[in-house]
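Structure first, commentary second.
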Amino acid sequence: MDPHLRLEAIYRQAQAALATGQEAQAIQLLKQILQLDEDYLDAAHLLAGLVARQRRRWYNDCRLWGTLSVILLIGVIYLMKDTLLGLIPSPRPSEVLPPSTLTPFVRPTPTPSPTNIPSPTPIALSWRRISPGLMFSRSTISTIVLDHNDPDVLYVGTYNAGIYKSIDGGISWKPAHHGLERAAIISLIIDSTNSHTLYAGTSWGGTYKTQDGGDHWRAINEGVGDPSGGRSRVIIDPEDNRHLFSTTEHQLYESHDEGETWNRIQESPCPHAVINLVIHPSESQTLIAATWQTEECGDSGIYLSEDGGKTWEYSELEQDARAEPQHLLVNDNHSGSIVYATANTVEDGEMLFISTDGGRSWSRSNLNDSCTALAIHPQDESVAYCATRSDNRLLKTSDAGRTWQELIKPEAGSVGEITFRTPEQSTLLLGGQGLFITTDEGLSWLEYSDGLGNSRIEFIFDPYEPSIMYAEDMSESGGGRRLFHSSDGGHNWTWLIEDGTNLAFDADQKTLYRLGKWYGDGGILISPDRGETWTRVDGPATSLRGLAAHPKQEGNLYVYAHNQPPFLYISSDGGATWQGANGIRDMRYPNLYFDHDQGEVVYAVAVGGKIDRSNDAGMNWTTCAEPEIIHYAYSRTRFAINPHDRDRLYLASWGGGIFISQDGCQSWQSSNQGLGSLYVNTIAIDPLNPDTIYAGTDSGAYVSFDGGEHWGEVNDGLLGALVIYSIAVDPGEPSNVVAATPYGVFKLESQ
């Protein structure tokens, strides 16, 4: 039988079992579906709901206890009726009060009812999934949290796709990030006294809190100067769960009311740029911080505080050698004497450092690499596990870093987190591009990823043959991003090439370009047959960071070289010869955008906030005004030019929402009315009706029918994974709108 028809048949059987109340049978059928296709329709959601009901015990049903309480109360009253009646005093004859003592009854003035505010007119659009996206990479897990009161409950945070929850030990997952405006999760912790309360620190988005086990989240940043000022990390005082510490990279804060309000506690000017923070497991006033190098505080390194963060002492990793720490780890269940720190050294690259005196002094371990994830064994702090950064191995030390043993590592990609199931068990959990569990020291691994979200995907319609779509998997592997191709509107995808980044279309309507590996001399990749075959040619400089092709002029190719003047190089012969542009600034990962007429007006938009404009197809450049917010999304679809007006521009940002310029980038105004999140990843314009604009954010999709002045939510059908990575409009058929999400490819349709 055709696999798709088989899935449809099993799904119909599961629905029939649900309709007749046969939940056990439905669970078995849904598990069969997930084994064949883990993202088939809403199978994962149905399974999670059924498991939740199966786990609910009769003695936890509040309705049952309420009924029993009423019956018991009635019985007590009946048995004691005579005694109770004896306690009731006999009625007295009523006394007539004199008129002067009568209090007149005054009817209260009715309070006017509040004016009903009309609800927004619902938008008759919804999404339908057309591909589960199984060929794309999963978003790397950044943190794993276990509910120690219930071993079946797990949470994971991801670097791009938000938070997910499992209530069956990891067998199935569902999104648990409703209310999160930011989907990049840096830290996630659970309250040890109330497992329904969790805190999440995000990248550029501040701190969030849930009190219902992840069903709803809300921002808790009152008192924080700039919640979007960096990566937020939250830690709980092990002696007082109401006492929290938080850092936004530049400042350190504490809360004494479970995060509802925050106060800056640091009295000394350093450390300034905190990238990691841990608390001593038995001395809650002892904090250890890892910092970047800054002008204010000099070299990067480790800082130690013994008074809850008020004053700090610098703890040098290496004498007379600068080392930039990245990870910091102390054991939560022991003395806290052993602390691990990964760092990037000037002379020897990435290294692992170890302190055996609580962070006061440091020495190199015998591991010439750093770790993307570290875990200390809960019962023996001399035992630790490291997922290496350079060669992507899994190692174990049993002697506090003196020697290392290599373990079998699952096919998990880059690892973001390692942890243990419980202190009493040796079960090891590894979070990479999926969740993997071993119970035998890595000899065998089982994957528990059904329902976890994909990583960032960017869609591009071929401008010269709109029936063809391309998708770039933004999860880098080996210095490249995989490129996929679809010729049926996004239903099915074919892998084209793993090497390279970016994609540009030559005006000859057949040649494609990509940059080689982003580090070193990766050169330029050229395909004369729409991606079937590729050849490499040298570029005009090394470390190329940007690529574009002119939409109207065949063979006109643009590449950008970071830190190498004149920065922008232009070729009119497909990369054979090059000349430098004039006046463009040094930028970080810029993308070029051409006007929809002859392509004479070009905008260069960088990640760090710089925008430049050229009026002669890129040869000469002038500086644009910049919006006040500088956290621009890492996306080629973060900027759009009105197809009927090359001076009307739209810019997406992380933290500032959407900005509009009506004068060719000389000034900008924010336009966020109706947006539920100011963390916008993508913008797309209807080429035939430029007043219709689509925006994808970290908490949903939005559409505007008045040129971006007002926005309406369009999230029906997204299966709870409300992170929108990319939206693309078919230039040949603008009613064909597709979106990339953690749960695959969706198409917008009328309800």
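The values are calculated or read from the model by the stated rules, or taken from the named source; none is laboratory data. If you're wondering where the values come from, they're calculated on a predicted model, not measured in any experiment. Note that each Cβ is placed from the backbone with ideal geometry, even for glycine, and that neighbours are counted across all protein chains shown.
Here is a yes/no grid of residues against (1) closer than 28 Å to Phe136 by Cα; (2) in a strand (DSSP E or B):
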{"site": "Arg402", "(1), (2)": "no, no"}
{"site": "Ser414", "(1), (2)": "yes, no"}
{"site": "Ile418", "(1), (2)": "yes, yes"}
{"site": "Ser426", "(1), (2)": "no, no"}
{"site": "Gly431", "(1), (2)": "yes, yes"}
{"site": "Leu435", "(1), (2)": "yes, yes"}
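Considering each of Gly700, Gly744, Gly708, Gly696 in turn, give the residue that is without any contact (Cβ under 8 Å) to a residue 60 or more places away in the chain and under 14 Å from Ile457 (Cα atoms).
Numbers: Gly700 fails: under 14 Å from Ile457 (Cα atoms); Gly744 fails: without any contact (Cβ under 8 Å) to a residue 60 or more places away in the chain; Gly708 fails: under 14 Å from Ile457 (Cα atoms).
Just a single option satisfies the conditions, and that option is Gly696.
What residue, among those in region 123-145 that are surrounded by fewer than 21 Cβ atoms within 10 Å (Cβ to Cβ) and of a type in the set (A, V, I, L, M), is nearest to Tyr470 (Cα to Cα)?
This residue is Met135.
Quick check on Tyr589: is it closer than 27 Å to Lys510 by Cα, crowded, with 19+ Cβ neighbours inside 10 Å and assigned by TED's automatic domain parsing to the domain that holds Arg514?
On the way: closer than 27 Å to Lys510 by Cα: yes; crowded, with 19+ Cβ neighbours inside 10 Å: no; assigned by TED's automatic domain parsing to the domain that holds Arg514: yes.
Judged against the criteria, Tyr589 is not a match.
Would you check if there is a residue in region 715-730 being over 19 Å from Pro175 (Cα atoms) and touching a Leu at 6+ places or on another chain (Cβ under 7 Å)?
Scanning region 715-730, I find no residue that is over 19 Å from Pro175 (Cα atoms) and touching a Leu at 6+ places or on another chain (Cβ under 7 Å), so the answer is no.
From the residues in region 475-526 that are at pLDDT below 90 and among the polar types (S, T, N, Q), which one is nearest to the chain's Cα centre (by Cα)?
The residue in question is Ser475.
Just checking, how many residues over region 196-209 are at pLDDT 95 or above and surrounded by fewer than 23 Cβ atoms within 10 Å (Cβ to Cβ)?
Final tally of qualifying residues: 3.
Does Ile265 fit the bill of being β-branched (Val, Ile, Thr), touching a Leu at 6+ places or on another chain (Cβ under 9 Å) and over 30 Å from Gly676 (Cα atoms)? Spell out how you get there, then give the answer.
Values: β-branched (Val, Ile, Thr): yes; touching a Leu at 6+ places or on another chain (Cβ under 9 Å): yes; over 30 Å from Gly676 (Cα atoms): yes.
It is true that Ile265 is β-branched (Val, Ile, Thr), touching a Leu at 6+ places or on another chain (Cβ under 9 Å) and over 30 Å from Gly676 (Cα atoms).
Which members of region 686-743 meet the condition of being aromatic (Phe, Trp, Tyr) and farther than 24 Å from Asp473 by Cβ? Talk me through it step by step, then tell me what you get.
Taking region 686-743 first, the residues aromatic (Phe, Trp, Tyr) are 694, 702, 705, 711, 725, 743.
Across region 686-743, the qualifying residues are Tyr702, Phe705, Trp711.
Give just the number: which of (1) among the basic types (Lys, Arg); (2) in contact with a strand residue (DSSP E or B) (Cβ under 6 Å, 6 or more places away or on another chain); (3) touching a residue at least 40 places away in the same chain (Cβ under 8 Å) does Arg536 not satisfy?
(3)
Given (1) farther than 16 Å from Arg402 by Cβ; (2) part of a strand (DSSP E or B), identify the lone condition not met by Ile354.
The one condition Ile354 does not meet is (1).
Out of everything in region 693-709 that is in a loop (DSSP other than H, G, I, E, B) and in contact with a Ser or Thr (Cβ under 8 Å, 6 or more places away or on another chain), what residue ends up being surrounded by the fewest Cβ atoms within 10 Å (Cβ to Cβ)?
Taking region 693-709 and keeping what is in a loop (DSSP other than H, G, I, E, B), we get 698-699, 705-709.
This time we only want the ones that are in contact with a Ser or Thr (Cβ under 8 Å, 6 or more places away or on another chain), so: 698-699, 705, 708-709.
Details: Asp698: 27, Ser699: 25, Phe705: 15, Gly708: 25, Glu709: 13.
Checking each candidate, the answer is Glu709.
Would you pick out the residues in region 710-751 that are in a strand (DSSP E or B), closer than 25 Å to Leu34 by Cα and of a type in the set (Ser, Thr, Tyr)?
Thr741
Suppose we filter region 629-645 for residues that are surrounded by 19 or more Cβ atoms within 10 Å (Cβ to Cβ) and assigned to a strand (DSSP E or B); how many remain?
5
Does Asp391 satisfy the criteria of being at pLDDT below 90, of a type outside the set (A, V, I, L, M) and more than 27 Å from the chain's Cα centre (by Cα)?
When the stated conditions are applied, Asp391 does not pass them.
Within the bounds of region 527-536, is there any residue that is under 25 Å from the mean Cα position of the chain (by Cα) and buried (at least 18 other Cβ atoms within 10 Å of the Cβ)?
Checking region 527-536: not a single residue is under 25 Å from the mean Cα position of the chain (by Cα) and buried (at least 18 other Cβ atoms within 10 Å of the Cβ).
Please count how many residues of region 286-345 are at pLDDT 85 or above, in contact with a His (Cβ under 8 Å, 6 or more places away or on another chain) and of a type in the set (Ser, Thr, Tyr).
Adding up the residues that qualify gives 2.
Take the residues of region 606-628 that are in contact (Cβ under 8 Å) with a residue 40 or more places away in the chain and in a loop (DSSP other than H, G, I, E, B): which is nearest to Asn591 (Cα to Cα)?
Among them, the one singled out is Gly618.
Could you grab me the full set of residues in region 540-565 that are surrounded by fewer than 21 Cβ atoms within 10 Å (Cβ to Cβ), under 21 Å from Thr622 (Cβ atoms) and modelled with pLDDT of 95 or more?
Asn556
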